[in-house]
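Working notes, beginning with the structure itself.
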Amino acid sequence: MKTKVFIDGSEGTTGLRINERFGRRDDIELLQIDPELRKDPKERKKLICASDITFLCLPDEAARESVKLAENEDVVIIDASTAHRTEPGWAYGFPELSDAHRAAIQTGKRIAVPGCYASGFISLVYPLIVGGILQKDYPVSSFALSGYSGAGKRTIAAYESEDRPAELSSGREYALTQQHKHLREMHKITGLARTPLFSPIIDDYYSGMVVSVPFYADLLAKKQTPESLLHYYAAYYQNEQFIQVSAADDAVAAGGFLAGNGLSGWDGLKIYVTGNEERIVVSSQFDNLGKGASGAAIQCMNIVLGCDEAKGLTLNLA
């Protein structure tokens, strides 16, 4: 029997990518909404309650409304918005963090897909805190580079317009007030004592991102080198097919550049450790529409269904 799936918000970038990935599946029955009724609460409620799994690819307030419409407790809600990532009772959709995270997804009826920047940050910081390498009161900072697709339809249209302003041809730092919407989950999920400093940059390419966190080696709870941290990450994420850890002689890192779009179209995440014995930078490279959004959402669905976590996703690197 096929799993009945409804995508509430199927016209956004995340919803469209989920639809695309479902083209490879023969075990999914996709419930379609009349385009003219896609904002109609009654029609949305009917489809949500008729589904086995509903994906929410909506703005936060609309996502909260959809959860209220889901009267059928048997419906699994997988929310790609920011609305529920730090809410009690919601499983945080990053199974590689721990056995407890994976189990919560597997048995949960309410699953929050991590934010794209947050995925990169948490993949790096959470393991270091668990391993006692990074103390919770370390003043953590992070910088990141992303393609413009993560900013939604309006921004995509602006970047792809023939008469766009000149500043869109360069990288642009934003969230200058230190109020980025992913900071709450970055803070809570890692367990840091204080909210990290975060400086994201949006640039003139479609998809892909790099999130980096710098450390002074002598200020860590346990002294580390780039090589020792690579070994630690490799051990922490061993047997995790969605997480790759670079080798010490990785050609990309050795070349001195880490491109934001280097893993565009891939549904996994790759970790790099660069720097020297005094100053170390840990970085995660991935697709903001893959492991940073739709890929992560489908991975969570696969866990719920008990099938291969990578089913219908792209994990083969060229």
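So if I check each of Leu176, Leu183, Leu168, which one is surrounded by 15 or more Cβ atoms within 10 Å (Cβ to Cβ), more than 19 Å from the chain's Cα centre (by Cα) and either under 21 Å from Ala293 (Cα atoms) or of a type in the set (A, V, I, L, M) (or both)?
Leu168
With a cut-off of at least 1 residues that are small (Gly, Ala, Ser), name the helices (runs of 4 or more DSSP H) lying wholly within the stretch 182-300.
226-236, 251-254
Which of (1) surrounded by fewer than 23 Cβ atoms within 10 Å (Cβ to Cβ); (2) closer than 29 Å to Ser228 by Cα; (3) more than 14 Å from the chain's Cα centre (by Cα) does Leu134 not meet, given it meets every other one?
Result: Leu134 fails condition (1) only.
State which residue is surrounded by the fewest Cβ atoms within 10 Å (Cβ to Cβ) when the search covers only the stretch 186-210 and only residues that are small (Gly, Ala, Ser) and closer than 20 Å to Leu263 by Cβ.
The qualifying residue surrounded by the fewest Cβ atoms within 10 Å (Cβ to Cβ) is Ser207.
For the stretch 137-163, which positions are aliphatic (A, V, I, L, M) and under 22 Å from the mean Cα position of the chain (by Cα)?
Val140, Ala144, Leu145, Ala151, Ile156 - these are the residues of the stretch 137-163 that are aliphatic (A, V, I, L, M) and under 22 Å from the mean Cα position of the chain (by Cα).
Condition check ((1) surrounded by 24 or more Cβ atoms within 10 Å (Cβ to Cβ); (2) on the phi > 0 side of the Ramachandran plot; (3) in contact with a Lys or Arg (Cβ under 9 Å, 6 or more places away or on another chain)) across all residues:
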{"site": "Val252", "(1), (2), (3)": "no, no, yes"}
{"site": "Gly256", "(1), (2), (3)": "no, yes, no"}
{"site": "Gly262", "(1), (2), (3)": "no, no, yes"}
{"site": "Leu269", "(1), (2), (3)": "yes, no, yes"}
{"site": "Val273", "(1), (2), (3)": "yes, no, no"}
{"site": "Lys291", "(1), (2), (3)": "yes, no, no"}
{"site": "Ser294", "(1), (2), (3)": "yes, no, yes"}
{"site": "Asn302", "(1), (2), (3)": "no, no, yes"}
{"site": "Cys307", "(1), (2), (3)": "no, no, no"}
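Yes/no matrix, rows are residues, columns are (1) farther than 30 Å from Lys45 by Cα; (2) outside any loop (DSSP other than H, G, I, E, B); (3) not charged (D, E, K, R):
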site	(1), (2), (3)
Glu61	no, yes, no
Ile78	no, yes, yes
Glu87	no, no, no
Gln135	yes, no, yes
Ala158	yes, yes, yes
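Of the conditions (1) more than 16 Å from Lys291 (Cβ to Cβ); (2) under 22 Å from the mean Cα position of the chain (by Cα); (3) surrounded by fewer than 17 Cβ atoms within 10 Å (Cβ to Cβ); (4) not basic (Lys, Arg), Val213 fails just one. Which one is it?
The one condition Val213 does not meet is (3).
Scan the stretch 250-308 for residues that are among the hydroxyl-bearing types (Ser, Thr, Tyr) and within 14 Å of the chain's Cα centre (by Cα) and jot them down.
Of the stretch 250-308, the ones among the hydroxyl-bearing types (Ser, Thr, Tyr) are 264, 272, 274, 283-284, 294.
Residues satisfying the conditions are Ser264, Ser284, Ser294.
Look through Lys46, Lys39 and report the one residue that is crowded, with 16+ Cβ neighbours inside 10 Å and either over 25 Å from the mean Cα position of the chain (by Cα) or assigned to a loop (DSSP other than H, G, I, E, B) (or both).
Just one listed residue meets the conditions, Lys46.
Coordinate-derived values only; no laboratory data. Note that the structure is a prediction, hence the values are computed from the model and not measured. Please note: Cβ atoms are built from the backbone with ideal geometry, for glycine as well, and neighbour counts cover all protein chains shown.
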